Amino acid sequence: MKQISKAVKAIIFDLDDTLYDCSGTLVVQGQKQAAKIIAKLINCSEEEAYHLQVTTEEQYGTNTNIYEKIVTLHQLPYAYIKELFEEFIYTDIAGITPFPGVIETLKQLKLQGYKLILVTSGEKSIQNQKIQALGLQHGYFDDIFIADRITGQLKNDYFKEIIQRYNLKPEELVCIGDKIEDELTASKSLGMITVMFEQGRHHRAYLKKRDNYIKPDYSMKQIKDIFQIIKTRSLVMS
């Protein structure tokens, strides 16, 4: 019978809610900042305004601009959509830290010879600030790609570029992230090995409607779990 090598050669990491707790830090901070404005606009408490954002996201999904929904629902001037969204995204990034074991895992993977690539999306300047604050710019990654939301760049385009740049087969690449509708669906469609990181609001949203989406190849709760996945994939299957 034909021997098929499943060896992993490169690993793609998402950033937010994969290498650090975005949902529990920056998202909460941003929603609390936006709540101050919302409370004044619709004459409610800041706690009620914060809860309104949470329930709106639960109802319409994590990929929805909830401020557009809130402005429309309360018949507010459309100019507040941009103001509230900017209040949400421009938060104090200085205090964020990597999840436990992230730095040690990246170091060990590098020593073992794997190509490590960071692919994140968002506003480019903000994502760069996060990378700096987390100390991830210090040679841990062979490449860092930021799909800029402003210009409409997609992670899928960078995934294709990575395959070509490093002359890899899709099945030699592992993609780790928390968003089924973003990096995991895109990488799965290209034939990569997909790993759902069980953290944050996007993962919680996925659990509620998992039957609507593709199923990741693996899932993990800690970044160090990647070693067991690599070991499994590196076996020669008959």
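In region 220-238, what count of residues is obtained for those that are over 23 Å from VAL28 (Cα atoms) and loosely packed, with under 15 Cβ neighbours inside 10 Å?
The qualifying residues number 9.
Can you tell me how many residues within region 87-110 are closer than 19 Å to VAL174 by Cβ, hydroxyl-bearing (Ser, Thr, Tyr) and surrounded by fewer than 18 Cβ atoms within 10 Å (Cβ to Cβ)?
Selection size over region 87-110: 0.
How many residues does region 185-220 contain that are free of Cβ contacts under 8 Å to residues at least 12 places away in the same chain and in contact with a strand residue (DSSP E or B) (Cβ under 9 Å, 6 or more places away or on another chain)?
1
Within region 116-139, identify whether any single residue is over 24 Å from ARG149 (Cβ atoms) and touching a residue at least 60 places away in the same chain (Cβ under 8 Å), and answer yes or no.
no
Kindly provide the set of residues from region 55-82 that are of a type outside the set (S, T, N, Q), surrounded by 15 or more Cβ atoms within 10 Å (Cβ to Cβ) and outside any loop (DSSP other than H, G, I, E, B), ordered by number.
GLU57, ILE66, TYR67, GLU68, LYS69, ILE70, VAL71, TYR80, ILE81
Mind counting the residues in region 66-100 that are farther than 30 Å from GLY135 by Cβ and not aliphatic (A, V, I, L, M)?
Within region 66-100, residues that are farther than 30 Å from GLY135 by Cβ and not aliphatic (A, V, I, L, M) number 11.
Quick one: count up the residues across region 143-174 that are more than 30 Å from GLU86 (Cβ to Cβ) and touching a residue at least 60 places away in the same chain (Cβ under 8 Å).
So the count comes out to 7.
Being within 15 Å of GLY30 (Cβ to Cβ) and either among the charged types (D, E, K, R) or in contact with a His (Cβ under 9 Å, 6 or more places away or on another chain) (or both) is the filter here, so list the residues in region 79-130 that pass it.
LYS82, GLU83, GLU86, GLU87, ASP92, GLU123, LYS130 - these are the residues of region 79-130 that are within 15 Å of GLY30 (Cβ to Cβ) and either among the charged types (D, E, K, R) or in contact with a His (Cβ under 9 Å, 6 or more places away or on another chain) (or both).
Values in this text are rule-based calculations from the coordinates and carry no lab data. Only a predicted model underlies this, so the values are computations on that prediction, with no experimental measurement involved. A quick note on method: Cβ atoms are made from the backbone with ideal geometry, for glycine too, and the neighbour counts reach across all protein chains shown.
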